[in-house]
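The values are calculated or read from the model by the stated rules, or taken from the named source; none is laboratory data. Note that the coordinates shown come from a computational prediction; the quantities given were computed from them, not determined experimentally. Virtual Cβ from ideal backbone geometry, glycine too; neighbours counted across all protein chains shown. These accessible areas exclude ligands, DNA and RNA; they are computed on the full protein's heavy atoms, side chains included. Shrake-Rupley method; radii C 1.70, N 1.55, O 1.52, S 1.80 Å.
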Amino acid sequence: MARTETPVTFLRSDYKEPAFTIKSVDLDIALIPARTIVVNRMMMQRSAGSQNQPLVLHGEEQELVSVRVNGEIIREYELTPQSLTLHNLPDNFELSITSANAPEKNTTLMGLYVSNGNFFTQCEAEGFRRITYFLDRPDVMATYQVTLRALKNDFPVLLSNGNLIKQEELGNGWHSAVWQDPFPKPSYLFALVAGKLQAIQRTIKSQSGKEKLLQVWVESKDLDKTEHAMDSLIASIKWDEERFGLELDLDRFMIVAVGDFNMGAMENKGLNIFNTKFVLAKPETASDVDYGNVESVVAHEYFHNWTGNRVTCRDWFQLSLKEGLTVFRDQEFSADQMGSESGRAVKRIEDVRVLRQVQFPEDAGPMAHPIRPDSYQEINNFYTVTVYEKGSEVVRMQQTLLGREGFRKGMDLYFKRHDGQAVTCDDFVAAMADANQKDLTQFKRWYSQAGTPRVKVEESFVSGTYQVTLTQSCPATPGQDKKEPFHIPLLYRLIGDSASSEQLFELTESSQTITVPGLSKKPVLSINRNFSAPVVLDFEQPESELLILLKEDDDAFNRWEAAQKLFMRSILNGKALDAELVSALRAILRDAALDPAFKDLLFTLPAESYLYEQVSVIDPQAIHQARRQVRGQLATALQDDWLWAYQEHQTPGSYKPDAKSAGKRSLKNLALNMLADSGYTKTDDIAFAQYQSANNMTDQYGALAVLVNFSLSHAQACLSNFHEQFKSDALVIDKWFALQATRQIDLQDTSAVLTNVLALRKHPDFNIKNPNRARSLIHAFCMNNPGAFHQPSAETYQFWAEHVIELNHINPQVAARLARALDRWKQFAPNYQVHMKSALEFISKQMNLSSDVAEVIQKALNS
Ligand code: TRP
Ligand code: ZN
C-alpha cells in the first residue's frame, strides 16, 4: 500500500533468504482505539552467511517509541515510512520494539482496526507491518505468545491464536488475557480480536479421539445465525480426516464474524476471521446461495490449516500453492456435500461458469498473469481468480492425471516432506511427481505461462476410420509473446460407438491425432468431459451432433455444455433457436430423472462477460439485446412448461437448505423469471403472492427480483416493504442495494439504472467505508450489470472513475477491485472505448494513487 510516485516492481527471481530469522515473538498489546501501544520482544538469530548485513524490518503507519537490543536502548537506526534498519548486531539477541498505532482511524482494514466498536486484525499479505516492526514475509516463522490488555467493560472478550493460558484483572477496569500458539507461523497468520462478542460452542472428538472446542463468535444480535457455520465447520473437519487423513491440530478452533472486511475470510491459525456475509445464516435472511457460500468458505479457511498454515508459502509469488490447492479442496468438499453424482456435476458446472465469466477475461486482459506470477507491484492485486480458481484447475488436472489415489499419495508425501516449512509450487509438484513416478516437467508450464490455451478440434471419418486432430495454441499475454505447448489432460468419449468408454488423452505436442479404426458410422465426440482442462475448444461441431450430446451424453457437464454452445451460436449469430432444439429442451425441462438444479443451470444463458470473450470487437448493447432475444424465445416457446415447472417445484413446509430443496427453489424461481419474460400476465400476482407468503430469503428475494427486473406493478411497494422489514440487518440491506444496482435495463430508458444508483448513493443507509455496502451498490453496478454500465456515453464511466478515486483514499484494496472493471476496454467498439479511455486517464492523473489502484490503471492504459 506504499504510496509511491514511481512504482516498484517485485520480481520472483529476486528471492533471497532472510538475513535474520525470528525464533519467538512476545507481544504485549494495550488496546485503545485512538492509540494502541504494542511492545514486541523478539528472539533474533542471524542467518549463516549474512555477516555484516543490517537488519531491515518492515513497518508502516506506526509511531516508533523505542528500540532495545538485549535490554539496552538503541538510538542509532534508520527509519523510513516503510522500514526500520539496525546495524552492527550480534548473532543472537533479544530485540524489543515499542510502537503505537491508531486503529480507529484505520479505514484500510489492514493491520489492526476497529469495526463497530470492536478490534480486529487482518495481516495477510502485509498487514502485520502496520502493527509492529517485523520481518513481515512468510518464510520467517516464529512461535507467538500474546498478552492483550483492554478495558473490560468495552472489550470483555480478548482472543488471539492458539491456546488461552491466563486471564487476569488488572485494576482500573482493565483486564488481560495471554494466548500461546505452539505452532511456528509466519506473521500473516497472526490475529487478535477484542470486544463485545458472544459465541456458540461445541466440543467434538477428532479422528484420534482428542476433544476439540469449536466456537463461532459474533455480536449478540447475530447469535441465532451461527448454527449453519458451526455445522459446516464440523462437516469440514470430518471430511479432511476422511479424504486426506488430516486432523485438527489445536485443542481449540475459533471463527469470528466482522461486518467490515476486505474479502471473504482469513485463515489465521486457530482464529479464523470472517466477513459476516460468510458466517451468518438463518432461513429468513440468507438465500440458498448464501448457505452454500457459508459452507464453502468455512471449509476453505479450515482446510488452510494444513494447506497454507502447517505448510506455508516461501514468498508471495507462491500464493497459488496454498490458494489453488485450498480452493480445489473446498470445491471437492462442496461437491461431496451435494450428496449425489448429479449434484457433483451441478457444483462442477457452477465452478466452471465462474472460471469462464471472470478468469478467462482476466487471462485475456492487461492483468493476465501465470498462477505463479513472475512480478507484481502490489501483492494485494494478485489475490485473483487466476491464482485461486485457475490455480484450483491446475491442481485438479494433477488429480486427473494421477488418479484420486495417486493424488492422495502425492499429498501424503507433500506433508511428510514439508510439514512446518515455507515452500514453493515446485515443491508441491515434485511431491506429486515423486509419489507417482510421473514426469510433470512439461505440466509445470501451467505454473509459468499465462493465458487460456485453445485446442482446435478437427475430425475426419474415412472408410470406417475415425480421426480427431487436436492442435493447441495460447494467445500472447503481457510479457509472454510465445508459449510452449501445455500438458493438457483431455477426457473424451466416442458416443455412438457402443464399445467406447471414457478415455484420458494427454495432449503434449502442438498437434496430435487420435485414430480409431473399424467403426460402422461416424461417432459423436464428447471431449473435455467434466471440463478436465481449463481451455477453450475451437470445435465447429455440427448442430445435429450437439443436439445428440444434449440429449444423450452421460457426462452431465458436456450435456450442459452442448446447450450452452447452441445458445451461444444463436445469440452471436442473431438467429432463433430451431424447433428441434426447442423440443429437446422441453423434454429436458420435463425429464423427472434430472436434477432441478441441473435444469436451472442448463437454461441459464452464457453470461455477457463470457460472450464478450467470443467476439473480436465487443458491442455490449448488441450482445445484451441478442441475449435477451434468445431468453425471450425460451420463455415464450416454453411458457406452458415454465408454468408447470413453477407449480411442480414448490417446497412447502419448513425451510431446509439441502441441495435437493435448494435445486427446486432455483428452478422454480427461474420459471417465475421466464413467465415474466414471456409476458404471462398473471406473473405480477404470482410473484407478489410468493413474496408475501415466503418463509425464506430465497423465495422472498426471488419474487422481489422478478418484480423489480420486469418492472411489474408490485415492484415499488415490495422494495419499500423489504427495506422496512430488514432495515436492521446489514447483509439483507446489501441485497436490497445490489438488486437495484443490477436490475435489468429498460431498453427504452437505458440510463434509468444509473439515475437510481445515483439516488441510492445518497441514501442514509449507504456507507462507502463499509466494503460490503460499497460493493453492493458501486461494484455491483459497474461489474455485474453490463447492460446498464456499458453505454456509449461518458456518464457511467465517469461514475466509475469518481468512485475508484473516492475509495482509493479510504480503502485501496476495495478501490483496486473496482478499478478492474475496465480491464478489457481495448476490446470494446470505438464509441465505447473513447469514454473508457478518458475515464482511465482521469484516474491516472490523480495525485496520491495507492500502489493498488496505480498498478491496475497503468496496466490497463498500457495495454
Ligand atoms: N487468505 C484468505 C483466503 O483466501 C484471503 C485473504 C488474503 C484476505 N488477503 C486478505 C482476506 C485480505 C481479507 C483481507 O482465505
Ligand atoms: Zn484461501
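Is it true that Thr85 is at pLDDT 95 or above and either more than 27 Å from Ala177 (Cα to Cα) or assigned to a loop (DSSP other than H, G, I, E, B) (or both)? Yes; evaluated as a whole, the condition is true for this residue. Within the set Asp823, Asp852, the sole residue that is in contact with a Gly (Cβ under 9 Å, 6 or more places away or on another chain) and among the acidic types (Asp, Glu) turns out to be Asp823. Test Pro366 against the criterion of being assigned to a helix (DSSP H, G or I), in contact with a Lys or Arg (Cβ under 9 Å, 6 or more places away or on another chain) and either open to solvent by 10 Å² or more (accessible area, probe 1.4 Å) or in contact (Cβ under 8 Å) with a residue 60 or more places away in the chain (or both), and give yes or no. So Pro366 fails the test. Take the conditions (1) surrounded by fewer than 18 Cβ atoms within 10 Å (Cβ to Cβ); (2) within 16 Å of ligand 2 (Cβ to nearest atom); Glu76 misses just one of them, which is (2).
The residues of the stretch 686-702 that are of a type outside the set (Phe, Trp, Tyr), part of a helix (DSSP H, G or I) and surrounded by fewer than 23 Cβ atoms within 10 Å (Cβ to Cβ), listed by number, are Ile686, Ala689, Gln690, Gln692, Ser693.
Every residue, every condition in (1) open to solvent by less than 10 Å² (accessible area, probe 1.4 Å); (2) under 30 Å from Val56 (Cβ atoms), yes or no:
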{"residue": "Ala125", "(1), (2)": "yes, yes"}
{"residue": "Arg130", "(1), (2)": "no, yes"}
{"residue": "Glu169", "(1), (2)": "no, no"}
{"residue": "Asn172", "(1), (2)": "no, no"}
{"residue": "Pro186", "(1), (2)": "yes, yes"}
{"residue": "Leu192", "(1), (2)": "yes, yes"}
{"residue": "Ala199", "(1), (2)": "no, no"}
{"residue": "His228", "(1), (2)": "no, no"}
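Look through Asn785, Asn772 and report the one residue that is open to solvent by less than 50 Å² (accessible area, probe 1.4 Å), of a type outside the set (Lys, Arg) and out of contact with any strand residue (DSSP E or B) (no Cβ under 8 Å at 6 or more places or on another chain). Being open to solvent by less than 50 Å² (accessible area, probe 1.4 Å), of a type outside the set (Lys, Arg) and out of contact with any strand residue (DSSP E or B) (no Cβ under 8 Å at 6 or more places or on another chain) holds for just one of Asn785, Asn772, which is Asn785. Tell me which residues, restricted to the stretch 530-582, are within 20 Å of Ala637 (Cα to Cα), among the acidic types (Asp, Glu) and either touching a strand residue (DSSP E or B) at 6+ places or on another chain (Cβ under 6 Å) or not in a loop (DSSP other than H, G, I, E, B) (or both). Glu543, Glu580, listed by residue number.
Condition check for Thr513 on (1) within 30 Å of Val856 (Cα to Cα); (2) exposed (fewer than 14 other Cβ atoms within 10 Å of the Cβ): one failure, at (1).
Applying the criterion of at least 1 residues that are within 16 Å of ligand 2 (Cβ to nearest atom) to the strands (runs of 3 or more DSSP E) found wholly in the stretch 191-295 leaves 252-258, 271-275. Within the stretch 261-277, if we keep just the residues that are of a type outside the set (Gly, Ala, Ser) and away from ligand 1 (no atom under 11 Å from the Cβ), the residue that is surrounded by the fewest Cβ atoms within 10 Å (Cβ to Cβ) turns out to be Thr276.
In the stretch 296-306, of all residues being open to solvent by less than 10 Å² (accessible area, probe 1.4 Å) and assigned to a loop (DSSP other than H, G, I, E, B), the one that is nearest to ligand 1 (Cβ to nearest atom) corresponds to His304.
A single member of Lys668, Lys664 is open to solvent by 40 Å² or more (accessible area, probe 1.4 Å) and either over 21 Å from Asn293 (Cα atoms) or not aliphatic (A, V, I, L, M) (or both), and it is Lys664. Are any residues in the stretch 516-567 free of Cβ contacts under 8 Å to residues at least 40 places away in the same chain, crowded, with 20+ Cβ neighbours inside 10 Å and among the acidic types (Asp, Glu), and if so, which ones? Within the stretch 516-567, just Glu561 meets the criteria.
Within the stretch 160-182, residues that are closer than 24 Å to Asn309 by Cβ have Cβ atoms under 7 Å from residues that are open to solvent by 40 Å² or more (accessible area, probe 1.4 Å) and in a loop (DSSP other than H, G, I, E, B) in these pairs: Asn163/Asp251, counting only partners at least 6 apart in sequence or on another chain. Scanning the stretch 616-636 for residues that are under 30 Å from Ser793 (Cβ atoms) and open to solvent by 40 Å² or more (accessible area, probe 1.4 Å) yields Ser616, Val617, Asp619, Ala622, Gln625, Arg627, Arg628, Gln629, Arg631, Gln633. Could you please find all residues in the stretch 722-758 being under 22 Å from the mean Cα position of the chain (by Cα), within 14 Å of Asn785 (Cβ to Cβ) and in a helix (DSSP H, G or I)? Once the filter is applied, which keeps residues that are under 22 Å from the mean Cα position of the chain (by Cα), within 14 Å of Asn785 (Cβ to Cβ) and in a helix (DSSP H, G or I), the stretch 722-758 yields Phe737, Ala738, Leu739, Ala741. Between Ser851, Ser844, the distinction of being within 16 Å of ligand 1 (Cβ to nearest atom), open to solvent by 10 Å² or more (accessible area, probe 1.4 Å), small (Gly, Ala, Ser) and modelled with pLDDT of 95 or more belongs to Ser851 only.
Within the stretch 307-320, the set of residues being closer than 10 Å to Pro138 by Cβ, open to solvent by 10 Å² or more (accessible area, probe 1.4 Å) and away from ligand 1 (no atom under 11 Å from the Cβ) comprises Arg314, Asp315. Using the structure shown, decide if Asp439 is open to solvent by 30 Å² or more (accessible area, probe 1.4 Å) and not in a loop (DSSP other than H, G, I, E, B). When the stated conditions are applied, Asp439 does not pass them. Looking at Phe317, Phe303, just one residue is within 13 Å of ligand 2 (Cβ to nearest atom) and within 23 Å of Glu124 (Cα to Cα), and that residue is Phe303. Does any residue of the stretch 278-288 turn out to be over 22 Å from Gln421 (Cβ atoms), out of contact with any Pro (no Cβ under 8 Å at 6 or more places or on another chain) and within 13 Å of ligand 1 (Cβ to nearest atom)? Scanning the stretch 278-288, I find at least one residue that is over 22 Å from Gln421 (Cβ atoms), out of contact with any Pro (no Cβ under 8 Å at 6 or more places or on another chain) and within 13 Å of ligand 1 (Cβ to nearest atom), so the answer is yes.
Asn309 fulfils the conditions (1) in contact (Cβ under 8 Å) with a residue 60 or more places away in the chain; (2) away from ligand 2 (no atom under 16 Å from the Cβ); (3) assigned to a loop (DSSP other than H, G, I, E, B) except for a single criterion, (2).
From the list Lys238, Lys210, pick out the single residue that is under 30 Å from Val178 (Cβ atoms), open to solvent by 70 Å² or more (accessible area, probe 1.4 Å) and not acidic (Asp, Glu). Just one listed residue meets the conditions, Lys210. Once the stretch 93-123 is narrowed to residues that are assigned to a loop (DSSP other than H, G, I, E, B) and away from ligand 2 (no atom under 16 Å from the Cβ), the residue that is surrounded by the most Cβ atoms within 10 Å (Cβ to Cβ) is Met110. Checking each residue in the stretch 810-838 for being under 27 Å from the mean Cα position of the chain (by Cα), over 18 Å from Met263 (Cα atoms) and surrounded by fewer than 24 Cβ atoms within 10 Å (Cβ to Cβ) picks out Asp823, Arg824, Trp825, Lys826, Gln827, Phe828, Met836. Take the conditions (1) within 17 Å of Phe828 (Cα to Cα); (2) open to solvent by 40 Å² or more (accessible area, probe 1.4 Å); (3) among the acidic types (Asp, Glu); Asp591 misses just one of them, which is (1).
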